[in-house]
Amino acid sequence: MNCVIIVGSQWGDEGKGKIVDLLTEYADGVIRYQGGNNAGHTVMFEDKTFVLHLIPSGILREKLSILGNGVVIDPAALLEEIKQLQEMNISVRDNLRISNNAHLVMPYHLLFDQLRESRKGKQKIGTTGRGIGPTYEDKVARSGIRLGDLRNSVHLKDRLSKIIEEKNSQLRHYFGAEQRCLNSGHILDELQNHFQELEPYLCDSAQLVNDQLDAGKNLIFEGAQGTFLDVDHGTYPYVTSSNTLAGGVCTGAGIGPTKVSHVLGITKAYTTRVGSGPFPTELDDETGEFLRSEGGEFGATTGRPRRCGWFDAVLVRQAVRLNGISSLALTKLDVLDKFEEIRIAVAYKLADGTTTKNFPTQQLDQVTPIYETMPGWNCSSQGIQQSDALPKELIAYIERLEDLISAPVSIISTGPRREETILLPSAPLMNL
Ligand code: IMP
């Protein structure tokens with residue numbers, strides 16, 4: 001039995017989709033445990049590019065794919081994704097399972113997400129507009145609707161009409177948006193239609209996951225977003241509304257921490273961020289622009305240009321600690337191929353003039369990174385599949401990062417395709 005958690009160690013978009021897809025070959029199932037269709041996991045193989053927003057990437061290899069209780073589900077978006085996969089002849093019906101307890105993203109959650117963001121003006125979070133925050137709010141406020149709740153239509157009708165009454169009152173009186181008021185009858189009809197299509201996939205996902213572990217299966221838990229978008233440990237309030245850390249697996253999938261065998265942190269060889277919030281190593285110049293164009297740094301979900309900057313070792317070292325990362329997959333090294341010199345943030349200068357190697361949990365917008373410069377390799381590393389074929393400057397860069405962040409690299413990604421990868425013996429699931 002192996003239980004591998006895969007998490008992003010920066011602000012998301014580290015290339016988790018590719019690594020999950022790659023390791024799924026050696027696994028029996030893949031589980032998502034938090035977030036919703038705010039995620040965008042890009043996987044490329046056989047000259048096709050797949051972008052999955054909700055369904056775990058394991059589905060592409062037709063392995064058991066579970067949406068756990070901690071995920072929030074927009075039923076229309078999920079059905080659309082199922083349809084697209086089926087059109088590509090991928091067997092979804094046999095492989096996808098969804099938790100009865102997963103909360104639904106309702107039409108009013110989408111509406112509130114968008115209205116709140118526009119009301120915040122300059123202080124907006126820069127959300128994906130998928131209704132994620134409002135859905136988790138209602139979950140915690142105990143006024144959410146779970147997929148399994150759709151089984152009891154009489155009870156649902158009653159609950160929904162009370163919820164809509166409250167939402168309409170906010171639309172009218174707080175947002176001044178009388179014209180956006182909702183009709184509970186329409187919403188109920190739509191939900192019931194969605195439910196008919198989704199019911200065959202529903203299950204007690206915690207039981208299924210634990211049965212799999214008891215049967216000695218190898219499972220991958222696929223994180224969405226990244227460490228610093230975690231609602232507790234991220235750059236609050238510029239975060240998503242779930243626990244993106246490895247610890248989120250225990251509650252979001254229903255397993256105990258003693259089951260976890262490996263936490264794999266996915267780390268880009270530089271840093272990117274979408275949406276608002278502090279970003280110490282951000283490059284607001286032609287170097288940042290170069291990283292964006294070389295790396296194709298545009299959001300897989302919203303198409304927004306990603307903010308780009310140098311690798312931040314202070315940030316990733318904190319991620320190693322918060323997640324208990326066992327090893328790292330380093331992605332997009334080839335994007336740095338054309339640089340004469342590469343910089344790494346090794347410490348921060350704080351507003352009071354002192355320096356620190358520890359990640360400050362407050363006032364991150366006031367730190368100045370202290371950089372170390374390394375020689376670039378200045379040649380193509382794209383597609384290299386053997387570690388001894390890597391340029392020596394690139395190996396030195398990796399070794400320096402390992403040293404700074406106190407974790408070993410077990411996977412090196414040299415391009416977007418499955419085969420453009422170096423899997424070291426220390427990578428999870430390699431010694432089965
Ligand atoms: P929300 O998750 O849509 O509420 O957005 C909150 C913040 O998380 C925004 O800054 C988004 O850009 C960011 N975010 C959400 N999902 C992702 C993701 O999959 N990758 C990168 N950033 C994300």
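The values are calculated or read from the model by the stated rules, or taken from the named source; none is laboratory data. Since this is a predicted model, take the numbers as computed values, not measurements. Note: ideal-geometry Cβ built from the backbone for every residue, glycine included; neighbour counts use all protein chains shown. Heads up: the accessible areas ignore ligands, DNA and RNA and are worked out on the full protein's heavy atoms, side chains in. Shrake-Rupley method; radii C 1.70, N 1.55, O 1.52, S 1.80 Å.
Some notes on this structure:
- Computed extension length for Asn183-Ser261: 23.3 nm, one decimal, from 0.36 nm per residue of separation with the Cα-Cα distance subtracted.
- Among Lys217, Lys392, Lys16, the largest mean-square fluctuation in a Gaussian network model of the chain (Cα springs under 10 Å) belongs to Lys392.
- Between the C-alpha center of region 165-209 and that of region 317-388 there is a gap of 43 Å.
- Computed FRET value (nearest 0.05) for Tyr371 with Glu165, which takes r as the C-beta separation and R₀ as 60 Å: 0.60
- Taking 0.36 nm per residue of separation and subtracting the Cα-Cα distance, full extension of the segment from Gln84 to Ala141 would add 17.1 nm.
- Dipole in debye (nearest 20) - region 335-432, about Cα centre, beta carbon charges: Lys, Arg +1; Asp, Glu -1: 140
- Looking at the chain alone, DSSP beta bridges between its own residues are antiparallel in about 40 percent of cases.
- Three-way shape label, region 374-432, alpha-carbon gyration tensor, a/c 1.5: oblate
- Accessible area in square angstrom per residue, region 366-432, 1.4 angstrom probe: 49
- Relative contact order (%) - criterion: Cα under 8 Å, at least six apart; region: region 347-412: 22
- Scaled radius of gyration (Cα, divided by 2.2 N^0.38 Å) that the chain gives: 0.99
- Computed over region 1-157, relative contact order equals 18 percent, with contacts defined as Cα pairs under 8 Å that lie 6+ residues apart.
- Segment Arg172-Glu117, extension gain: residue separation times 0.36 nm, minus the distance between their alpha carbons: 18.1 nm
- Averaging the sequence gap over all C-alpha pairs within less than 8 Å and six or more residues apart, then dividing by the number of residues, gives the chain a relative contact order of 20 percent.
- Rounded tilt (10° steps) of 153-173 against the dominant C-alpha axis of the chain: 70
- The chain: most fluctuating residue of Gly303, Gly252, Gly35 per GNM, C-alpha cutoff 10 Å: Gly303
- If you model region 1-140 as an ellipsoid using its alpha carbon gyration tensor, with each semi-axis the square root of five times an eigenvalue, the axes come out at 27, 16, 15 Å, biggest first.
- Region 211-364, accessible area per residue, ligands and nucleic acids excluded (1.4 Å, Å²): 38
- Principal-axis tilt of helix 313-323 within the chain, Cα atoms, nearest 10 degrees: 50
- For the peptides 112-123, 59-70, the ranking by mean Cβ contacts within 10 Å, running from highest to lowest, is 59-70, 112-123.
- Helix 75-87 axis, angle to the chain major axis (alpha carbon atoms, nearest 10°): 60
- Paramagnetic label zone (point 7 Å from Cα along Cα-to-C-beta, Ser426; backbone N under 16 Å) in region 355-388: 387-388
- The 1.4 Å probe gives accessible areas that order Arg343, Arg418, largest first, as Arg343, Arg418.
- Between Arg172, Arg273, Arg97, the GNM of the chain built on Cα springs shorter than 10 angstrom shows Arg172 fluctuating the most.
- Of all accessible heavy-atom area on the chain, the percent that carbon and sulfur account for (1.4 Å): 46
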